[in-house]
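Please treat every number below as a calculation from the coordinates, not as lab data. No experiment lies behind these values; they were computed from the predicted model shown. In this analysis, Cβ positions are derived from the backbone assuming ideal geometry, glycine residues included, and neighbour counts consider all displayed protein chains.
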Amino acid sequence: MSNFTEEQIRRYSRHIILPEVGGKGQKKIMETKVLIIGAGGLGSPIGLYLAAAGIGKIGIIDGDVVDLSNLQRQVFHHTSDLDVPKVESAKNKMTAINPDLEVTTYNERLSAKNIMSIFSEYDIIVDGTDNFPTKFLINDAAVFANKPLVHGGILRFDGQVMTIIPNQSTCYRCIFHNPPPAGLVPSCQEAGVLGVLAGVIGTIQATEVLKLAVGKGRLLSNRLLTYNALRSKFREVKLHRNPKCAVCGEKPTIKELIDYEQPVCAL
Amino acid sequence: MPVKVKIPTPLRKLTANKGEVEVDGKTIGEMIENLEKSYPGLKERLCDEAGAIRRFVNVYINEEDIRFMQGKDTSLKDGDEVSIIPAIAGGNIN
């Protein structure tokens, strides 16, 4: 433990005394570089807990500024942060928790153009986005870059989490194929989300990141965890890799990244 | 032979907002036909014009994906829980 400062030993003592983590595991956490995509509902608990846990470097990407309607669930942001770029607000909160943390901010939208160069800087990718086009883009890029991806999605009272180890476990496209057509996507009137659901799903995603970093436990790979907040029910279904998957199957047809059009919401 | 079918959020407008419905059916195929009788419009969301289950729709009996069993011919037994699991994204109105 000679590499820890005394302050670090105290700060991380509740991790270090866990046999499954220990000094070695904490060291691994501190050497891990994580990219969080989205500084919103999911990104907030993910970033706050990973900062507290001692992740060494966090990249955070989001092109939006803080809006009043965000504050019901996006706990990164305070009322005093209105109109501030979300990534700036996120960085301030994470470094306030843990000054050892190095944060890189990307105040931009993720696209097929910038995604591979951003991914190349990180060990683990976490999806905290709110839309299908970006989720498919992230999945495909994670497969191309061969980086573990922790996926999360929330809507109304439902959430789901899965961890993708490219070319080893089921990817997002293996099961969901393409962004769903209009009929299966809720319109804005049917949308909305219970704020705290972002906390439940985001903290499960952060847990997966820490397990990946430490190399312990059983990941949510080849399984999809779903949670319904109204019924207080967790369910798990088994996933299988799809040999015909367009991105990670035997004969992949997707060889370039795709910027899907954002479905327009008629509110 | 009634089975419980979990209806995902995006399809609940067709089931009067019910998140779980009970229908009869000896197989997944029969179950879908019976679902359509009670909740018109559901079948075309789940199946394509040829009657095959759409690629982006995932149907599970208990924990297992029917694609890795007998697809629409997979038999159902009393008390089985069928889930239709779509991809989920949302939370923000842009």
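Results, tabulated for the structure shown:
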| read-out | value |
| --- | --- |
| Antiparallel bridge percentage (DSSP; both residues within the range A:1-135; nearest 5) | 5 percent |
| Helix-derived mean residue ellipticity, 222 nm - over chain B, DSSP H n ≥ 4, -39500 (n - 2.57), to 500 | -4500 deg cm²/dmol |
| Loop GluC sites (Glu not before Pro), the range A:89-144 (other Cβ atoms within 10 Å of the site Cβ: 16 or fewer; DSSP) | A:Glu108, A:Glu121 |
| Taking A:Leu137, A:Leu18, A:Leu225 and counting other C-beta atoms within 10 Å, the order from fewest to most | A:Leu18, A:Leu225, A:Leu137 |
| Length gained when the stretch A:Asn178-A:Phe157 is fully extended (0.36 nm per residue, less Cα-Cα span) | 5.2 nm |
| Helix-only [θ]222 nm of chain A, DSSP H runs n ≥ 4, -39500 (n - 2.57) each, per residue, nearest 500 | -9500 deg cm²/dmol |
| Low-density loop positions, trypsin sites (Lys or Arg not before Pro), the range A:117-179 - DSSP coil, at most 16 other Cβ in 10 Å | none |
| Relative contact order %, chain A, counting alpha carbon pairs below 8 Å whose residues are six or more apart | 19 percent |
| Ascending count of other beta-carbon atoms within 10 Å, so fewest first, for A:Thr207, A:Thr5, A:Thr32, A:Thr163 | A:Thr5, A:Thr207, A:Thr32, A:Thr163 |
| Cβ-based net charge around A:Glu236, under 10 Å, with every Lys or Arg adding one and every Asp or Glu removing one | +2 |
| Contact order normalised by residue count of chain B, Cα under 8 Å, 6+ apart, percent | 35 percent |
| Point-charge dipole on Cβ atoms (K/R +1, D/E -1) for the protein assembly as shown, about Cα centre, debye to 20 | 720 debye |
| Among A:Thr163, A:Pro133, A:Ala90 the positive-end extreme of the charge dipole of chain A (Cβ point charges) | A:Thr163 |
| Relative compactness, the protein assembly as shown, computed as alpha-carbon Rg over 2.2 N^0.38 Å | 1.02 |
| Highest-MSF residue in chain A out of A:Ile115, A:Ile204, A:Ile125 [GNM, Cα springs under 10 Å] | A:Ile115 |
| Those GluC sites (Glu not before Pro) in chain B that DSSP places in a loop and that have at most 16 other beta carbons within 10 Å | B:Glu49, B:Glu63 |
| Relative contact order [Cα under 8 Å, 6+ residues apart], the range A:48-131, whole percent | 37 percent |
| Distance between modelled label sites at B:Lys43 and B:Glu81, nm, 7 Å Cα→Cβ extension | 2.8 nm |
| Inter-part distance where the range A:44-113 and the range A:202-240 are each reduced to a Cα centre, Å | 23 Å |
| Sorted by Cβ neighbour density within 10 Å, fewest at the top, the residues A:Phe119, A:Phe136 | A:Phe119, A:Phe136 |
| Cβ-placed point charges (K, R +1; D, E -1), dipole of the range A:32-238 about Cα centre in debye, nearest 20 | 820 debye |
| Nearest-ten-degree value, helix B:28-38 long axis tilted from longest Cα axis of chain B | 60 degrees |
| Span-like helix ranges in chain A, DSSP H, alpha carbon extent 20 angstrom or more, Kyte mean at least 1.0 | A:195-214 |
